[in-house]
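The values are calculated or read from the model by the stated rules, or taken from the named source; none is laboratory data. Keep in mind it's a predicted model, so treat the numbers as computed, not measured. When the accessible area is computed, the model is the full protein with side chains, heavy atoms only, and any ligands, DNA or RNA have been set aside. Shrake-Rupley method; radii C 1.70, N 1.55, O 1.52, S 1.80 Å.
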Amino acid sequence: MTECIDLYKKTLRKNLRCSGAVQKRLMKKFDLSLDNFLDDTPSPGMEAIHSAFGPPDEMAQLLMAD
């Protein structure tokens, strides 16, 4: 993975306000979406990641809403 993806995921994880088990499940869900994105864009920059998923805090809210 690229450094940008690692940074995005780290920030996303910090914004998930839930227990460790739930956080792990939500990150797995995000990883599935990320895998599909990486099939089309193997080395994305931060701008491409934000375009695809939005800011990490907003993505965290979406994941927790499900």
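Heavy-atom surface analysis with a 1.4 Å probe gives segment 10-66 a carbon and sulfur content of 50 percent of its accessible area.
Shown for the chain is the translational diffusion coefficient from the Stokes-Einstein equation, using the Kirkwood radius over Cα pairs, a temperature of 25 °C and a viscosity of 0.890 mPa s: 206 µm²/s.
The relative contact order of the chain, computed from alpha carbon pairs under 8 Å that lie at least 6 residues apart in sequence, is 54 percent. Once the 1.4 Å probe is applied to the protein heavy atoms, the chain comes out at 66 Å² accessible per residue.
To test your reading of the geometry: what angle, between 0 and 90 degrees and rounded to tens, separates the Cα axis of helix 3-15 from the longest principal axis of the chain? Taking the Cα atoms of the chain, the angle to 3-15 is about 20 degrees.
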